[in-house]
Amino acid sequence: MKVGLYFGTFNPIHTGHLIIANHMAEYSGLDQIWLVVTPHNPLKKKSTLLEDHHRLQMVFLATEDYPKLKPSDIEFRLSQPNYTVNTLVHLKEKFPTHKFSLIMGEDNLNSLHKWKNYEVLLQSHDIYVYPRINTEVINPEIAAAARTHRVEAPVIEISSTFIRNSIKEGKNVRPLLPEKVWHYVEHNLFYKK
């Protein structure tokens, strides 16, 4: 099975995440997309995150009607902070018949050189890249890597940060969240403070 790994803190998961994940499931040749909820991104502050189980529940709610999209808590059981290269080693041991690829936006591809053992990622895994509105020039060595594939996916400019800030300001963000996620956020009064 060919599995695309779409990593994120998903704080919260929003319609942009779903659009990208579903597009990759339908148009990239991957069999499934696993949305890997990251407990702690080494490049982000942990203090702004909801508890792991809440973010995993929101991903579950968002993906339960999409048979090719699966929530994953695989990183919850690994040492923190999480490094993608370590997660991939663990996944290959646990699922030896699966072929794992990475899914990321152009912005993440541009900072890939900051990731732990990024050379291993480039050599050992296909990377499916979706477009972002980006003014930075992508590192040509990384962009030209043989296993990097640019997918003509919709350009989505919704961010979880924008959603959190908007909720804090009392704005209506309901159209930006999957319906079940919006209800979960409202019920639990998340991001109000």
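The values are calculated or read from the model by the stated rules, or taken from the named source; none is laboratory data. These numbers come from a predicted model, not from an experiment. Cβ: placed from backbone, ideal geometry, glycine included. Neighbour counts: every protein chain shown. We work out accessible area using only protein heavy atoms, side chains counted, and drop any ligands, DNA or RNA first. Shrake-Rupley method; radii C 1.70, N 1.55, O 1.52, S 1.80 Å.
At a glance:
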item: Cα point-scatterer Debye curve for segment 1-115, base-10 log of I(q)/I(0) at q = 0.12 Å⁻¹; result: -0.40
item: Amide H contacts under 5 Å for THR148, placed H, 5+ residues apart; result: ILE127
item: Apportionment of accessible area to carbon and sulfur, the chain, percent (1.4 Å); result: 52
item: Residue-level accessible surface for ASP65, protein heavy atoms, 1.4 Å, Å²; result: 110
item: Rg over Rh [alpha-carbon atoms, Kirkwood Rh] for segment 45-103; result: 0.99
item: Accessible-area order (highest first, 1.4 angstrom probe) of the listed residues HIS14, HIS183; result: HIS183, HIS14
item: Amide H within-cut-off set for LYS99, under 5 Å, with H built and near neighbours excluded; result: LYS2, VAL3
item: Rg [Å, one decimal], Dmax [Å, integer] - the chain, C-alpha atoms; result: 16.2, 47
item: Whole-number accessible area per residue in Å² for the chain, which is evaluated in the context of all protein chains at 1.4 Å; result: 52
item: By average C-beta atoms within 10 angstrom, highest first, the peptides 15-22, 149-156; result: 15-22, 149-156
item: From phi via Karplus (6.51, -1.76, 1.60), per-residue ³J(HN,Hα) for segment 68-83 in Hz, x at Gly/Pro; result: 8, 10, 10, x, 9, 10, 3, 7, 5, 9, 9, 5, 10, x, 7, 10
